[in-house]
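The values are calculated or read from the model by the stated rules, or taken from the named source; none is laboratory data. Quick caveat: nothing in here was measured; it's all calculated off a predicted structure. Cβ atoms come from the backbone with ideal geometry, glycine included; neighbour counts cover every protein chain shown.
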Amino acid sequence: MTEEISLDLGDRKCSILVGRGLLGDIGKLVPGKNRRFAVITNPTVNPLYGKQVLDSLKKHGHAHVLYDVPDSEASKSLDAANQLYVRLSDAGFERDSCIIGLGGGVVGDLAGFVAATYMRGIDIIQVPTTLLAQVDSAIGGKTGLNLPGGKNLVGAFHQPVMVISDVSVLATLPDRDYVSGLAEVVKYGIAADPEVFALLESNVDRINRRDERLLEKTVARCSRIKAGIVQEDERDRGKRLLLNFGHTLGHALEVATGYETYRHGEAVAIGMLFAARVSEKKGLLKAKELKRIAELAETLGLPSQAEDRLEREKLISLMKGDKKSRGGKVHMVLPTGIGTTVISEIQDELLTAALEETGL
Ligand SMILES: NC(=O)c1ccc[n+]([C@@H]2O[C@H](COP(=O)([O-])OP(=O)(O)OC[C@H]3O[C@@H](n4cnc5c(N)ncnc54)[C@H](O)[C@@H]3O)[C@@H](O)[C@H]2O)c1
Ligand SMILES: [Zn+2]
């Protein structure tokens, strides 16, 4: 059964639908009658799901065009955005038209940014097709483009009017991308909701088999957590920072390896284990809980150790540049149990010891 979760920001509302086989009904689900839609997708997702989406839009009386952008992180660029602005304007898209972002986090971030800025902002409906995008990036309205100097340096907050997460599409995800998305699910379990953690622990086989019913339940639960947090802290100033668990080292690893060695979720998985080790050393997390986290990560196929050693000073200095850090000290989200976290300042010596245990 389709679950509907509402994210209410007063003047703006977003409805998040999670279910199986939703893409074939998209024309019925989207708001508005006889509306014009620009579907932004990529050459991997388009042959798998593009026709289904367009057919359904057409069947329900909507007009549509489809724009492909290359399947690459490089599509999160001002150049790619500019090409889309020109195409939208040439095709006569107006203020009341709507963009649909059909793809993973890359397509979602680009489509979201274009929607945030074209004609000072038009509606966007996110149709996330990766697990990572369904549980995380499609919800919350953050959009971002990369500059040569770094990731997500240009962006805007622009809430989607609707998020349609069809878990059936996760069947075609490459293994690495699926497991990378699981890291963000584990993140919710440790940082916010022990029931998500327990759900994963007791259903490892079904998760690894990509059982649709379980995925539906898991994606819905994670969407509800994220929606609740965004509703309280849209602009990332308080509670939303807790969702950064695992990301302090995770981002540092991605930057230090030029985004080439690790998928985002893999780096986050290593970062979560690292944070758990730091927390245990500080006496905030029991050894048996650290073990529980490490065991779940392993059964889901998540990495807990780095591939190769990297320069430690560089990693620590990157962590000091993290958005939570202040005054030359690393501040990190630390688990104090399964489902509870604190943000805490960490001494360099402790970081060094935990990096050593993480194979860094
Ligand atoms: N805006 C946010 O709040 C936020 C949060 C986290 C991450 N992000 C961003 O998300 C991006 C990563 O997203 P991602 O992990 O989804 O990567 P991605 O968008 O690159 O997708 C991964 C791969 O899976 C393919 N794919 C997508 N759906 C598929 C399907 N159903 N079947 C088969 N293949 C499919 C894609 O074409 C791509 O090759 C990063 O750019 C990151 O910065 C944004
Ligand atoms: Zn993340």
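Take residue 165 and decide whether it is among the hydroxyl-bearing types (Ser, Thr, Tyr), within 23 Å of residue 249 (Cα to Cα) and touching a residue at least 24 places away in the same chain (Cβ under 8 Å). Spelling it out, it is not the case that residue 165 is among the hydroxyl-bearing types (Ser, Thr, Tyr), within 23 Å of residue 249 (Cα to Cα) and touching a residue at least 24 places away in the same chain (Cβ under 8 Å).
A residue that is within 16 Å of ligand 2 (Cβ to nearest atom), over 26 Å from residue 256 (Cα atoms) and crowded, with 24+ Cβ neighbours inside 10 Å can be found somewhere in segment 102-115.
Within segment 133-155, residues that are closer than 13 Å to residue 73 by Cβ have Cβ atoms under 7 Å from residues that are of a type in the set (Ser, Thr, Tyr) in these pairs: 145/77; 146/77, counting only partners at least 6 apart in sequence or on another chain.
For segment 292-314, filtering for residues that are in contact with a Leu (Cβ under 7 Å, 6 or more places away or on another chain) and either under 11 Å from residue 359 (Cα atoms) or not assigned by TED's automatic domain parsing to the domain that holds residue 348 (or both) leaves 5. All conditions but one from (1) within 19 Å of residue 14 (Cβ to Cβ); (2) within 15 Å of ligand 2 (Cβ to nearest atom) apply to residue 187; the one that does not is (1). Kindly provide the set of residues from segment 82-92 that are part of a helix (DSSP H, G or I) and surrounded by fewer than 14 Cβ atoms within 10 Å (Cβ to Cβ), ordered by number. Across segment 82-92, the qualifying residues are 82, 86, 89, 90. Annotation note: of 215, 242, the sole residue that is modelled with pLDDT of 95 or more and within 16 Å of ligand 1 (Cβ to nearest atom) is 215.
Could you check, for segment 255-274, whether at least one of its residues is under 25 Å from residue 171 (Cα atoms), within 16 Å of ligand 2 (Cβ to nearest atom) and either aromatic (Phe, Trp, Tyr) or not assigned by TED's automatic domain parsing to the domain that holds residue 342 (or both)? Yes: one or more hits.
Of all residues in segment 93-114, none satisfies being away from ligand 1 (no atom under 16 Å from the Cβ), of a type in the set (A, V, I, L, M) and in the same structural domain as residue 13 (by TED's automatic domain parsing). When segment 172-197 is filtered for residues that are small (Gly, Ala, Ser) and closer than 14 Å to residue 222 by Cβ, the ones remaining, listed by number, are 181, 183, 189, 191, 192.
With respect to being away from ligand 1 (no atom under 13 Å from the Cβ), among the β-branched types (Val, Ile, Thr) and touching a helix residue (DSSP H, G or I) at 6+ places or on another chain (Cβ under 8 Å), residue 229 falls outside the description. If you go through segment 344-360 and keep only what is in a strand (DSSP E or B) and surrounded by 15 or more Cβ atoms within 10 Å (Cβ to Cβ), you end up with 344, 346.
Being among the β-branched types (Val, Ile, Thr), buried (at least 22 other Cβ atoms within 10 Å of the Cβ) and either farther than 27 Å from residue 158 by Cβ or modelled with pLDDT of 95 or more (or both) holds for only one residue in 179, 204, 186, and it is 186. Residues in segment 233-254 that are under 14 Å from the mean Cα position of the chain (by Cα) and either in the same structural domain as residue 149 (by TED's automatic domain parsing) or closer than 24 Å to residue 74 by Cα (or both): 244, 247, 250, 251. Being outside any loop (DSSP other than H, G, I, E, B) and either more than 16 Å from ligand 2 (Cβ to nearest atom) or in contact with a Leu (Cβ under 6 Å, 6 or more places away or on another chain) (or both): is that true of residue 334 here? Judged against the criteria, residue 334 is a match. Looking across segment 235-247, the residues that are assigned to a loop (DSSP other than H, G, I, E, B) and either surrounded by 18 or more Cβ atoms within 10 Å (Cβ to Cβ) or within 14 Å of ligand 2 (Cβ to nearest atom) (or both) come down to 236, 245, 246.
Checking each residue in segment 254-279 for being more than 17 Å from residue 187 (Cα to Cα), part of a helix (DSSP H, G or I) and of a type outside the set (Val, Ile, Thr) picks out 254, 256.
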